[in-house]
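The structure appears right after this line, and notes come after that.
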Amino acid sequence: MTKDKKRKTAVREAQNATGSRYTRLAREMAAPRAGQAFRLADLLAECATLPHASVEWDFPEHYAPAVFDSALIGTAVPYGTVLELAGSLAQVGPGATITVESVSPLSQAVVVCRKRRFQLVLTQDMVNELCRQPECANTADSWAFTHCRDHLAECGTRALVSMARDWGRGRREEHDEDPAAVGGGTEADLLIKAAIAAVCFEPVRDALLDACFGDPDLFDDVYWDASQALAVQHALERERLRLYEVAQAEVRRIHKATGACVSCGKPLFAWNPGIPPTHCPSCAVPRTAEHRSPALA
Ligand SMILES: [Zn+2]
Ligand SMILES: [Zn+2]
């Protein structure tokens, strides 16, 4: 009897003895695989060679994906899910080392490759890239972000500036036809809010404006039509003001939530972009460029 058949027989015996649902028991009785590491090539080899496994789903069979019993993940995995993971890791290649973070059989598994975290959906041919904070179940708000909105502030100045630049360039490409309409976007607001907590408002704002609009000194050369150059110039100034207002609103929110300086208890009112919004100027410790600040709730 193969290992897989033994496991299924054990699950069925437990099902007969307890009357519990097969899928629930299979989840509870699965061999834990968390911490297991393997190469993407090994998982692809399983995917290419292992036969279809029969699974008793707790939903209609015709919605179920074709699955195989993966010894590496420790449960039935849809072929399509593995292929989608391989697509997401195409640039890293088949030699990439993958580590299993957690497995919930017949539901989902989370795997990690070079800090990127992927939720393998085990009930559909589907993969979701997750926030890079271990154990976080959220997805990022943009393709350009490595972390979810709750963990963006913990990335530090350099990473936030780099995300602002990537997102801004993408935004500019999207608005290629109408460059004066490039401002706005909830993703820009999220970056600014994270920058407030991480005490790097100015570098993040500058990276956003530069990536979205380009160098204002070149507007006259880039836009042949003088009225368009002027429209983009106005749009840039409007967006600069809007980002400042987003920042101010975030500082007001933090001041309200904190109540007073977390160090000395004096009231907080003014905002200085160079100091943490939770501290008064006399208690603030000057921040270095790569200071990593804890996320503010
Ligand atoms: Zn997160
Ligand atoms: Zn203080």
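The values are calculated or read from the model by the stated rules, or taken from the named source; none is laboratory data. Keep in mind that this is a model prediction, so the values were computed, not measured. We place every Cβ from the backbone using ideal geometry, glycine too, and count neighbours over all the protein chains shown.
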(request) Tell me, please, whether a residue that is of a type outside the set (A, V, I, L, M, F, W, C), modelled with pLDDT of 90 or more, away from ligand 2 (no atom under 16 Å from the Cβ) and at positive phi can be found in the stretch 227-242. (result) no
(request) Examine the stretch 255-267 for a residue that is closer than 24 Å to Asp189 by Cβ and either in contact with a helix residue (DSSP H, G or I) (Cβ under 9 Å, 6 or more places away or on another chain) or among the aromatic types (Phe, Trp, Tyr) (or both), and state whether such a residue exists. (result) no
(message) Please go through the stretch 50-82 and give me each residue that is exposed (fewer than 14 other Cβ atoms within 10 Å of the Cβ) and among the aliphatic types (A, V, I, L, M), ordered by number.
(response) Ala66
(request) Can you tell me which residue within the stretch 124-173, out of those that are in contact with a helix residue (DSSP H, G or I) (Cβ under 9 Å, 6 or more places away or on another chain), part of a loop (DSSP other than H, G, I, E, B) and within 30 Å of Pro60 (Cα to Cα), is nearest to ligand 2 (Cβ to nearest atom)? (result) Gln124
(request) State whether the residues of the stretch 105-117 include one that is modelled with pLDDT of 95 or more, in the same structural domain as Glu61 (by TED's automatic domain parsing) and in contact with a Gly (Cβ under 6 Å, 6 or more places away or on another chain). (result) no
(message) Restricting to the stretch 101-122, and then to whatever is under 15 Å from Gly74 (Cα atoms) and touching a helix residue (DSSP H, G or I) at 6+ places or on another chain (Cβ under 8 Å), can you tell me which residue is farthest from ligand 2 (Cβ to nearest atom)?
(response) Leu106
(request) Give the number of residues within the stretch 209-232 that are polar (S, T, N, Q) and closer than 15 Å to His175 by Cα. (result) 1
(message) Quick test for you: out of Ala198, Ala188, Ala207, Ala194, pick the one residue that is in contact (Cβ under 8 Å) with a residue 24 or more places away in the chain, closer than 17 Å to Ala144 by Cβ, touching a Ser or Thr at 6+ places or on another chain (Cβ under 7 Å) and buried (at least 20 other Cβ atoms within 10 Å of the Cβ).
(response) Ala198
